[in-house]
């Protein structure tokens, strides 16, 4: 079973993820998990990450590693910049099987 549910990411809040890029691995931090409008049939939530100010990650699929969740391949979008770095979002919108 994949470790990419809302509950999995809620447990991973404030932890670090390693993102594979052409320039090498980049560390980003999960700073917010927002349950948007999940229901018994549909799981909808978003993840907000902060990354370093020294490297901008464009919108695309990224291979990520997390010590508890394992390897994930997710579509990440830059959504802003703060003084300490860039902000990125990943949105989940999927049917719940079963």
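Just so you know, all these numbers are worked out from the coordinates, no wet-lab data involved. Everything numeric in this text was worked out from a predicted model, so none of it was measured. When we count neighbours, we look across all protein chains shown, and the Cβ atoms used for this are built from the backbone with ideal geometry, even at glycine.
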Only helices counted: for the chain, with every DSSP H run of 4 or more residues adding -39500 (n - 2.57) and the sum spread over all residues, [θ] at 222 nm is -1500 deg cm²/dmol
Neighbour-count ranking for 45, 17, 75 (other C-beta within 10 angstrom, fewest to most) reads 75, 45, 17
Read-out Rg and Dmax of the Cα atoms in Å, candidates [x] 15.4, 49; [y] 13.4, 44; [z] 14.6, 49; calculated match is [y]
Contour minus Cα-Cα span, residue 8 to residue 41, at 0.36 nm per residue, comes to 10.1 nm
Per-residue Cβ contact counts at 10 Å, fewest first, order 82, 89, 22 as 22, 82, 89
The chain: relative contact order from alpha carbon pairs under 8 Å, six or more residues apart, as a whole percent, is 26
Simple SL model, points at 7 angstrom along Cα→Cβ for residue 74 and residue 20; separation in nm is 1.7
Least to most buried among 61, 16, by other C-beta atoms within 10 Å and fewest first, runs 61, 16
